[in-house]
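Here's the structure we're looking at; comments come further down.
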Amino acid sequence: MENAPVLYHPVTIGNLVLPGNIFLAPVAGYSDKSFRSICVDWGADFTYTEMVSSEAYVRSSAKTETLITRAHNEKRYAVQIFGANPEYMAETAIRILEKYEPQCIDINAGCPMPKITKTGAGSALMRNPEKLYSVVHAVTEAIAARGAAVPVTVKIRSGWSHNELTWKDSALAAVEAGASALTLHPRTCAQCYSGTSDWDILAQLAALMEGRIPVFGSGDLFTPESARNMLMSTGCAGVMFARGAMGNPFIFRQTKELLCTGSYKEISAADKIKTARKELEQLCKEVGEEKACRDMRKRFAAYTKGIDGGAKLREQLVRASSVKDYEIILQAV
């Protein structure tokens with residue numbers, strides 16, 4: 001096709017240059033070091049940690065520290081932080097930069113979970129763009145004061161509810177405060193993950209920010225085709241897979257293949273199981289066998305979707321409690 005847009009391309013965020021525009025989103029309870037590592041193996045151009053509580057980090061929570069550690073193959077990654085206290089957010093960003101040296105600090109202004117929003121953080125910041133400005137400004141100023149050339153990005157939703165669509169004011173506040181990129185999940189906080197995301201809002205934001213900063217899209221991305229459609233229909237600079245990558249890290253490679261060649265290869269059952277086993281092995285090293293085996297039950301369930309005999313496998317996998325259990329269950333696959 002003549003004049004067809006190049007959908008897979010490098011992206012610049014502040015002074016950070018990424019080789020491509022297919023990212024792993026921050027997913028609470030999922031995008032730990034082991035899973036991020038697997039996604040890098042399968043072609044993710046950039047990865048985000050689970051969100052880190054600034055309040056917990058300032059109190060030196062050991063659990064919080066485990067969320068931040070870089071995977072061995074993550075050449076570049078972002079740490080996402082959340083909170084409503086500008087001073088805590090700034091201190092958290094600086095401490096993380098000094099200890100872990102991530103390439104980007106991302107601020108969560110989109111989480112819809114009540115335990116987050118009731119503290120004024122996450123999507124609650126979108127009800128108060130001035131507060132969002134204060135938080136982002138505090139983080140960007142603190143980083144600049146240390147002489148660190150590390151970009152700050154912000155993830156937002158379309159608003160609190162359909163009666164409070166504050167995406168535009170929130171986006172402008174974030175950029176004025178120094179944000180180098182925005183990611184939009186075009187659902188409201190009230191929607192949580194129900195209904196459908198409004199890609200028209202994403203298109204409007206991408207147009208609003210054209211020539212200023214890159215805008216990335218998230219929401220309802222479950223196939224390579226959906227990623228291509230989002231890029232084509234909204235003009236966003238890149239896409240972030242969240243739920244669509246769960247048990248399916250292969251979506252990064254397949255999406256690149258689709259964008260670059262027009263088609264992609266299916267993943268064999270053997271590759272799916274091999275990858276799941278590798279994630280289990282890495283997670284065991286990270287959190288210990290007992291917790292890893294428990295956490296991997298849901299992940300193996302996702303990995304085995306579409307595999308012949310998958311339903312029977314899942315019946316057994318949800319009861320696995322040791323590496324040996326997994327090996328016995330999977331030996332026939």
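The values are calculated or read from the model by the stated rules, or taken from the named source; none is laboratory data. It should be emphasised that the depicted structure is a prediction, and the values quoted were computed from it without experimental measurement. A quick note on method: Cβ atoms are made from the backbone with ideal geometry, for glycine too, and the neighbour counts reach across all protein chains shown. SASA here: full protein model, heavy atoms, side chains in, ligands and nucleic acids out. Shrake-Rupley method; radii C 1.70, N 1.55, O 1.52, S 1.80 Å.
At-a-glance table
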read-out	value
Average Cα contact separation per residue, the chain, under 8 Å, 6 or more apart, as relative contact order %	15 percent
Paramagnetic label zone (point 7 Å from Cα along Cα-to-C-beta, residue 325; backbone N under 13 Å) in the range 274-291	289-291
Contour minus Cα-Cα distance for residue 233 and residue 268 (0.36 nm per residue)	9.5 nm
Surface/4 estimate of mean projected area, convex hull on alpha-carbon atoms of the range 23-169, nm²	8.6 nm²
Convex hull volume per residue for the chain, taking Cα atoms only, in Å³	130 Å³
When the range 95-221 is reduced to its Cα atoms, the Kirkwood hydrodynamic radius in Å	14.6 Å
Residue-by-residue Karplus 3J(HN,Hα) for the range 87-93, coefficients 6.51, -1.76, 1.60, Hz, glycine and proline x	5, 5, 5, 5, 4, 4, 4
The range 21-70, accessible surface, carbon-and-sulfur percent (1.4 angstrom probe)	54 percent
³J(HN,Hα), Karplus 6.51/-1.76/1.60, whole Hz, each residue of the range 179-185, x for Gly, Pro	5, 9, 6, 10, 10, 10, 9
Per-selection metrics, the range 212-333 (Cα): Rg and Dmax in Å	16.7, 54
Sites matching GluC sites (Glu not before Pro) across the range 233-328 that sit in DSSP coil, with at most 13 neighbouring C-beta atoms within 10 Å	266
Sparse-neighbour loop sites [GluC sites (Glu not before Pro); the range 1-106; at most 14 other C-beta within 10 Å; DSSP]	2
Local electrostatic count, residue 19, Cβ distance below 11 Å [Lys/Arg +1, Asp/Glu -1]	+2
Fully extended contour minus Cα-Cα distance, from residue 294 to residue 212, at 0.36 nm per residue	25.0 nm
Accessible carbon and sulfur surface of the range 179-333 relative to its total accessible area, %, 1.4 Å	49 percent
Solvent exposure of the chain as accessible area per residue, Å², 1.4 Å probe	44 Å²
Approximate spin-label separation residue 62-residue 333, in nm, with each point projected 7 Å along Cα-to-Cβ	3.3 nm
